[in-house]
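Below: the structure, in structure tokens.
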Amino acid sequence: MAQSARSRISAYAIATMEDQLLLTQLSEASPVFLPGLWHLPGGGIDPGEQPQETLARELYEETGLELLNSRLVDARSYTAHRLGVHWHLVGLFYRVDLQPGAPQVTENDGSAAEVRWMPLSDLTDSMLSPAAIDGLDMIGRP
């Protein structure tokens, strides 16, 4: 008998600044993608929450930065297996503008262990989550 998959819809931010991409490193609390991978800021949409509200909340929790502007650019679907759960994830990808500032993780025990601006030229698929790979492709790899 096949195990059913849990569904999750997430909103992700694609933020760039001077040939750098804002990424978070996934912690052990990451529900879908493997810890240690670099990932786009964002996360699951709570019941009754609008995707852009999720984007603003998750950006603040994971980066400490305030969302100024966002534009939906694409959506992708993923399957994953983590911590005994089969996942079907739909990711909504937004190009975003953020209030200037130094990024820092503000949520304790969340899915982001670290946040930083990373040079686009240094990014390789092996260090990125599937969603971050797709986000990088959406802005055009260097």
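Can you work out which of the residues in the range 117-126 that are in a helix (DSSP H, G or I) and of a type outside the set (D, E, K, R) is nearest to Pro41 (Cα to Cα)? Please lay out each step first, then the result.
Filtering the range 117-126 down to residues in a helix (DSSP H, G or I) leaves 120-122, 125-126.
Going one step further and asking which of them are of a type outside the set (D, E, K, R), we end up with 120-121, 126.
Details: Leu120: 16, Ser121: 19, Ser126: 18 Å.
Once the filter is applied, the top-ranked residue is Leu120.
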Among the residues that make up the range 72-83, is at least one of them in contact with a Phe, Trp or Tyr (Cβ under 7 Å, 6 or more places away or on another chain) and acidic (Asp, Glu)? yes
Those residues of the range 65-99 which are polar (S, T, N, Q) and over 20 Å from Val115 (Cβ atoms) amount to Ser77, Thr79
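Every residue, every condition in (1) open to solvent by less than 60 Å² (accessible area, probe 1.4 Å); (2) at pLDDT 95 or above, yes or no:
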site	(1), (2)
Ser70	yes, yes
Leu98	yes, yes
Asp109	no, no
Ala112	yes, yes
Thr124	no, yes
Could you list, in sequence order, the residues of the range 9-30 that are buried (at least 17 other Cβ atoms within 10 Å of the Cβ) and modelled with pLDDT under 95? Ser30
Cβ pairs under 8 Å, 6+ apart, first in the range 16-31 and in contact (Cβ under 8 Å) with a residue 60 or more places away in the chain and at positive phi, second loosely packed, with under 15 Cβ neighbours inside 10 Å and not in a loop (DSSP other than H, G, I, E, B): Asp19/Pro119; Asp19/Ser121
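Just to be sure I understand, how many residues within the range 126-137 are open to solvent by 50 Å² or more (accessible area, probe 1.4 Å) and not small (Gly, Ala, Ser)?
Going residue by residue through the range 126-137, those that are open to solvent by 50 Å² or more (accessible area, probe 1.4 Å) are 126, 130, 137.
Checking the rest, the ones that are also not small (Gly, Ala, Ser) come to 130, 137.
Within the range 126-137, residues that are open to solvent by 50 Å² or more (accessible area, probe 1.4 Å) and not small (Gly, Ala, Ser) number 2.
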Return a yes/no flag: does the range 38-48 have any residue that is at pLDDT 95 or above and of a type in the set (D, E, K, R). yes
All but one of (1) open to solvent by less than 50 Å² (accessible area, probe 1.4 Å); (2) under 13 Å from Phe93 (Cα atoms) hold for Ser77; state the number of the condition that does not hold. (1)
Could you give every pair whose Cβ atoms fall below 6 Å, whose first residue belongs to the range 90-103 and is within 11 Å of Pro41 (Cα to Cα), and whose second residue is in a strand (DSSP E or B) and open to solvent by 40 Å² or more (accessible area, probe 1.4 Å), counting only separations of at least 6 or pairs across chains? Phe93/Val73; Phe93/Asp74; Tyr94/Leu72
Arg6 versus (1) charged (D, E, K, R); (2) in contact (Cβ under 8 Å) with a residue 60 or more places away in the chain; (3) in contact with a helix residue (DSSP H, G or I) (Cβ under 8 Å, 6 or more places away or on another chain): which is the lone unmet condition? (3)
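The values are calculated or read from the model by the stated rules, or taken from the named source; none is laboratory data. All values derive from a computational prediction rather than experimental measurement. Here Cβ is always computed from backbone atoms with ideal geometry, including for glycine, and neighbour counts include all displayed protein chains. These accessible areas exclude ligands, DNA and RNA; they are computed on the full protein's heavy atoms, side chains included. Shrake-Rupley method; radii C 1.70, N 1.55, O 1.52, S 1.80 Å.
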